[in-house]
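The values are calculated or read from the model by the stated rules, or taken from the named source; none is laboratory data. This one's a predicted model, so the numbers in the text were calculated from it and none came from an experiment. Cβ sites come from the backbone with ideal geometry, for glycine too, and all protein chains shown count toward neighbours.
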Amino acid sequence: MAAASWAGENDRLDRLETENAELRRRLDALEKRDHSGLEAVIETYLSERESEADDGGDHGLGLNLVVDSGSVRGVFQLFGDVGLRTDNPEVPGRSNTFFFSGSTTFFFTARAGDNFHVLSETVFVGKIASDPAETDHGDFDQERLWGAWAFSDAIQIKFGLEHGPISRWNNIYHHGRWLELTINRPFLARFEGGGGILPAHNAGVEVTGKIRSNAGVFEYTFVLSNGRGRIPTDTQEFSDRNDGKAVDLGIALRPKSVPNLWVALFVRVDDIPADPTNPARLRSIREVIGSFQVDYRGDAFEILAEFVVVENRDRQSGMNFTHYAGYVQIAYRYRELWTPYFRFDLRTMDRGDPYYAPFNRDLDVWEALIGIRYDFIPNASLKFEIGFGDREARDGSGTVGEEDVFRLGLQLAWVF
């Protein structure tokens, strides 16, 4: 009996060792930040676990907390980060150097049956009060919530709240800071509440698909959504302030000749609603955004680049405002542990745009960034980076001047 018990224990340990190896492999795939994103890795995991269940196999450890009930397979993940930063010039009313609690992301995805998929991403993030007399605080935000039907590779329909396709960064990294190579996001990929100039969230319906050809794999995207709100921080998740809907169209290619390359073109058309509380915004603004995106991921070398043009036609003044933003980020992974990186980031704005100006988002800024990421275990990393550049700043009288910018950052990020 003792021998039988010992043999059973050995079998259990062997099974756990195998499952741990599988867990490490999947985390390594996430660590490399695969093109197709976190959801695709989890979708593969759910499919394989479903096949194992059909064969009578053990479900094992999974990626994290695994929900398995009949035809429903789900995975929960928890992302978090903390850090230290130095800003010069400092944030108004704050020290140049301070520790901070970053964000906590509650991520859940599940599949029911063969083709229905749901996802939820809720984030608790710390926010620095704009008024030095106020207290810093944290807020819960529902960043993504959708259901999707995958009828085939050629057509998938998603319904709900999702990141818009106009930025590649937001669609491969989303909110979990461990997924991002760097500490800070590029200017064009910053969210509406974090000083961004692009609409990062869409509440609506999205149709996507992949078509294979001799040239490679073509991907198409069509989105119909509520569009922008009256001000840049309004994401219109629960209602729409005008009858006009935003439309996103895009096409991407993964060429067969360069299998690690992904290139895409996107265009977005929207009608920004009037703001009756602002005398300069009594009529709507017609907005057109064009985006060019490049993503190359080799075994060690990677490059990510985006360039956008935003054209706002103010119907009240009859004026056109054209804005440009873009970045190029290059990184090299050394021995799967160390990843040094460099990024050049630029935003050039037409000053006086009535949509951006009240929030000082009509000002130019550029930054050069160098850093290194150390993945000391598969699901946690340390990042250190130095940034320097120049930005325009508006004082209390409305006068715009220029100032040099320097910053240091240290971040500990993890996923479980």
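Pairs are defined by a Cβ separation below 9 Å, a sequence spacing of at least 6 or placement on different chains, a first member in the range 237-254 that is over 14 Å from VAL269 (Cα atoms), and a second member that is modelled with pLDDT under 90 and part of a loop (DSSP other than H, G, I, E, B); the pairs so defined are ARG254/HIS35. Hey, any hits in the range 331-339 for a residue that's under 29 Å from GLY396 (Cα atoms) and of a type in the set (Lys, Arg)? No - not one qualifying residue is present in the range 331-339.
Candidates are the residues of the range 247-273 that are part of a strand (DSSP E or B) and of a type in the set (Val, Ile, Thr); the one that is nearest to GLY196 (Cα to Cα) is ILE272.
Counting the residues of the range 166-180 that are farther than 23 Å from PRO378 by Cβ and part of a loop (DSSP other than H, G, I, E, B) gives 2. Consider the range 372-416 and keep the residues that are exposed (fewer than 14 other Cβ atoms within 10 Å of the Cβ) and among the acidic types (Asp, Glu). The one that is nearest to the chain's Cα centre (by Cα) is ASP390. Restricting the range 362-371 to residues that are crowded, with 17+ Cβ neighbours inside 10 Å and within 22 Å of the chain's Cα centre (by Cα) leaves a set whose member that is nearest to LEU179 (Cα to Cα) is GLY371. Could you list, in sequence order, the residues of the range 260-276 that are touching a residue at least 12 places away in the same chain (Cβ under 8 Å) and exposed (fewer than 14 other Cβ atoms within 10 Å of the Cβ)? Scanning the range 260-276 gives a single hit, LEU265. Among the conditions (1) in contact with a helix residue (DSSP H, G or I) (Cβ under 7 Å, 6 or more places away or on another chain); (2) aliphatic (A, V, I, L, M); (3) modelled with pLDDT under 95, the only one that ALA300 does not satisfy is (1).
When PHE384 is tested against (1) part of a strand (DSSP E or B); (2) touching a helix residue (DSSP H, G or I) at 6+ places or on another chain (Cβ under 6 Å), only condition (2) is not met. Candidates in the range 210-246 are the residues that are small (Gly, Ala, Ser) and either buried (at least 16 other Cβ atoms within 10 Å of the Cβ) or in a strand (DSSP E or B) (or both); of these, the one that is modelled with the lowest pLDDT is GLY244. Filtered by the rule that a residue be among the β-branched types (Val, Ile, Thr) and surrounded by 20 or more Cβ atoms within 10 Å (Cβ to Cβ), the range 140-188 gives ILE166, ILE172, THR182, ILE183. Of the strands (runs of 3 or more DSSP E) lying entirely inside the range 282-359, those containing at least 1 residues that are among the hydroxyl-bearing types (Ser, Thr, Tyr) and surrounded by fewer than 20 Cβ atoms within 10 Å (Cβ to Cβ) span 285-297, 320-332, 338-348. Condition check for ILE166 on (1) at pLDDT 95 or above; (2) closer than 23 Å to LEU282 by Cα: one failure, at (2). Checked against (1) in contact (Cβ under 8 Å) with a residue 60 or more places away in the chain; (2) on the phi < 0 side of the Ramachandran plot, GLU336 meets all criteria but (2).
Taken over the range 181-205, the criterion of being outside any helix (DSSP H, G or I), in contact (Cβ under 8 Å) with a residue 60 or more places away in the chain and not small (Gly, Ala, Ser) is satisfied by LEU181, THR182, ILE183, ASN184, PRO186, ILE197, LEU198, PRO199.
Please indicate, with yes or no, whether at least one residue in the range 389-401 is at pLDDT 95 or above, outside any strand (DSSP E or B) and under 26 Å from SER291 (Cα atoms). No, the range 389-401 has no match at all. Can you confirm whether GLU367 is outside any loop (DSSP other than H, G, I, E, B) and within 25 Å of PHE307 (Cβ to Cβ)? For GLU367, the condition - outside any loop (DSSP other than H, G, I, E, B) and within 25 Å of PHE307 (Cβ to Cβ) - is met. For the range 87-119, residues that are charged (D, E, K, R) and loosely packed, with under 14 Cβ neighbours inside 10 Å total 3.
Could you tell me whether any residue of the range 360-370 is of a type in the set (Asp, Glu), in contact with a His (Cβ under 9 Å, 6 or more places away or on another chain) and in contact (Cβ under 8 Å) with a residue 12 or more places away in the chain? Yes; the residues of the range 360-370 include at least one that is of a type in the set (Asp, Glu), in contact with a His (Cβ under 9 Å, 6 or more places away or on another chain) and in contact (Cβ under 8 Å) with a residue 12 or more places away in the chain. Condition check: over 30 Å from GLU336 (Cα atoms), part of a strand (DSSP E or B), of a type outside the set (A, V, I, L, M) and out of contact with any Lys or Arg (no Cβ under 8 Å at 6 or more places or on another chain). Does ASP375 satisfy that? Spelling it out, it is not the case that ASP375 is over 30 Å from GLU336 (Cα atoms), part of a strand (DSSP E or B), of a type outside the set (A, V, I, L, M) and out of contact with any Lys or Arg (no Cβ under 8 Å at 6 or more places or on another chain).
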